Structures are given as C-alpha cells and as structure tokens.
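The values are calculated or read from the model by the stated rules, or taken from the named source; none is laboratory data. Note that this is a predicted model, so its numbers are computed, not measured. Every residue, glycine among them, receives a Cβ derived from its backbone with ideal geometry; neighbour counts consider all protein chains shown.
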Amino acid sequence: ESYGFRNYFEQYSYHREARNEKGEFTRFPERLWKVAEWVARKPGYSFRHFEFRNARKYVEDICEIYNSTWSHFKDDFTPLDPGIVEESMKKAKMVIDEDTVIFIYQNDKPIGFWVLLPDLNQILKYLNGKLGLTGIIKFLYHKKTHKMTRLRAVVGGVKHSHQNQGIEAAIFYHLYEVFRDKPWYREIELSWVGDYNPRMMASNEALGGIKMKTHVTFRYMINDSLPFMRFKDEMAEKQKDKEEKKNLRQ
C-alpha cells in the first residue's frame, strides 16, 4: 500500500468443524436446519451427485447455473465453456469424490450446485513434491486410507431466479447424508467469498462457518486522475445505473 496500491476487494475463507470429539456430525444451526429441511422436502425438488459416466450432462448443468449466477455480477462476465470444464474435471478425477459434487433440481431443471473437493494438500505433504510412479502409488494409498479428512467448497451457485430461497442451505442439508456415510470427513472449508457478495458471506456464517483466511486483491491506478472505487462500490454504481435506465424506459 505504501507504493500506491489500494484494496480493491477481499475474499474470505470460512472453516467449520463437521464433527464433534465423538465423531458425530454437528448439525447446522437449528433455524437454518429447519429452512433446509423445508426446502429439501418441497414437491418437485431433488438432489443428485456428479457421475463421471454422465460427466457432460452435469458439466452443462454446472455451466448453466454458474453463468446464470455470475452474469448478474459482472457486465464483462465470460461464460464458462462446458468443454473446458469437462476437461478440467477429467484431469482432477483422482481427487474428485462424486458424492461431494451436489446438484439440486426443480422439476428436473438444474437450479443449484456445490463442488466440494477433498483437500489435496493433506496428501501432498507425503509426496515430497514428486508425482512420478512412486508418488502416484503413495497418493492412491493415502487416498484409500482416508488421509483427506477436509472438504473444500471451491465453487457453487444458485440460479438468479432461485436465490434467497434457502437453496444453499438445502444443499448442505443433503451433505449431511454424505458425512453420515463417510465418517472420515471431519471439517469443511468454505472458500473464496468476495466482500462484494454479502449474501454468500451471510450464508456461510449462518452455516456456522468461522472466517479463517483473508485474501486481498489490490489495484494500482496508473492514471491517478481517475477516481478509485472498490469493486463492490463499482457494482453498486452499475446496479444503480441499470435501475435508472429501467425506470426511464417505463
């Protein structure tokens, strides 16, 4: 900052212990649990897990939901390409647990998803930075013996038309079944929520998440005659302009 860089936006990672000392799953706060149960039981709603044998279908659902979500955040948003996402999923096949990539549908239409991946860092420390044949064997051994006890929620979203309806809570409610069947998972990291997204920050805190890490993106104004604005303020200005233009058209 002493060189003129300014805090453009911050991203937070939240941590939540998923089990108590007895190894029992720790339920989410009661109020959230009731909302999640209500949503999960609504007619027409269903949950599914990612399947590599149907990878293309689920990748297209991810892109449809993600693009619907983020196109409302950024005017210059570049939509996800299903081909690139599918290739990335295939490259990460050794790490991905199909049961922790969760989708929610309404009348068979995708409306929300969350990708939680086992934390690879918990195994990499055993490989000494090498991933040759021996490293792969070690990796598979430690994966099989459940050394990865932490799940990281790396990306997710709910369609713009279904936000503020408890969908995220319902997805994590469904995650309870995964933890019930896979007792080696003990903690969750909810990663990379921007300070420009107060709704998701509130959602993570409602889930019982504790803010553990802060990452800051700085901006340097080459033309110092231009006003500096934080990203969330830019978003607010753009939203205000949209509303004013909409009112003029009416």
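Out of the residues in segment 130-161 that are under 22 Å from the mean Cα position of the chain (by Cα) and β-branched (V, I, T), which is surrounded by the fewest Cβ atoms within 10 Å (Cβ to Cβ)? Applying the filter and picking the extreme gives V154.
Of all residues in segment 44-63, those satisfying the criterion of being of a type in the set (D, E) and touching a helix residue (DSSP H, G or I) at 6+ places or on another chain (Cβ under 9 Å) are E51, E60. Considering the conditions (1) aliphatic (A, V, I, L, M); (2) surrounded by 15 or more Cβ atoms within 10 Å (Cβ to Cβ); (3) within 29 Å of Y176 (Cβ to Cβ), L127 is excluded by exactly one of them, (3). Test each condition in (1) touching a Phe, Trp or Tyr at 6+ places or on another chain (Cβ under 9 Å); (2) more than 25 Å from F179 (Cβ to Cβ); (3) surrounded by 14 or more Cβ atoms within 10 Å (Cβ to Cβ) for P82 and report the one that comes out false. With (1) touching a Phe, Trp or Tyr at 6+ places or on another chain (Cβ under 9 Å); (2) more than 25 Å from F179 (Cβ to Cβ); (3) surrounded by 14 or more Cβ atoms within 10 Å (Cβ to Cβ) applied to P82, the lone miss is (1). Pairing residues of segment 76-102 that are closer than 16 Å to W114 by Cα and among the charged types (D, E, K, R) with residues that are at pLDDT below 95 and part of a helix (DSSP H, G or I), at Cβ distances under 8 Å and at least 6 apart in sequence or on separate chains, gives D99/V178; D99/D181. Can you confirm whether segment 141-152 contains a residue that is within 20 Å of E187 (Cα to Cα), among the charged types (D, E, K, R) and touching a Ser or Thr at 6+ places or on another chain (Cβ under 7 Å)? Yes, some residue in segment 141-152 is within 20 Å of E187 (Cα to Cα), among the charged types (D, E, K, R) and touching a Ser or Thr at 6+ places or on another chain (Cβ under 7 Å). Restricting segment 210-235 to residues that are surrounded by 13 or more Cβ atoms within 10 Å (Cβ to Cβ) and modelled with pLDDT under 90, the residue that is nearest to E1 (Cα to Cα) is E234. Note on segment 170-196: among residues that are basic (K, R) and at pLDDT 90 or above, the one that is surrounded by the fewest Cβ atoms within 10 Å (Cβ to Cβ) is K182. Name the single residue that is nearest to P198 (Cα to Cα) among those in segment 130-155 being small (G, A, S) and at pLDDT below 90. In this case the residue turns out to be G135. In this structure, M235 qualifies as assigned to a helix (DSSP H, G or I), of a type in the set (A, V, I, L, M, F, W, C), within 18 Å of V193 (Cβ to Cβ) and touching a residue at least 12 places away in the same chain (Cβ under 8 Å).
Pairing residues of segment 1-21 that are free of Cβ contacts under 8 Å to residues at least 12 places away in the same chain and surrounded by fewer than 14 Cβ atoms within 10 Å (Cβ to Cβ) with residues that are in a loop (DSSP other than H, G, I, E, B) and of a type in the set (F, W, Y), at Cβ distances under 6 Å and at least 6 apart in sequence or on separate chains, gives no pairs at all.
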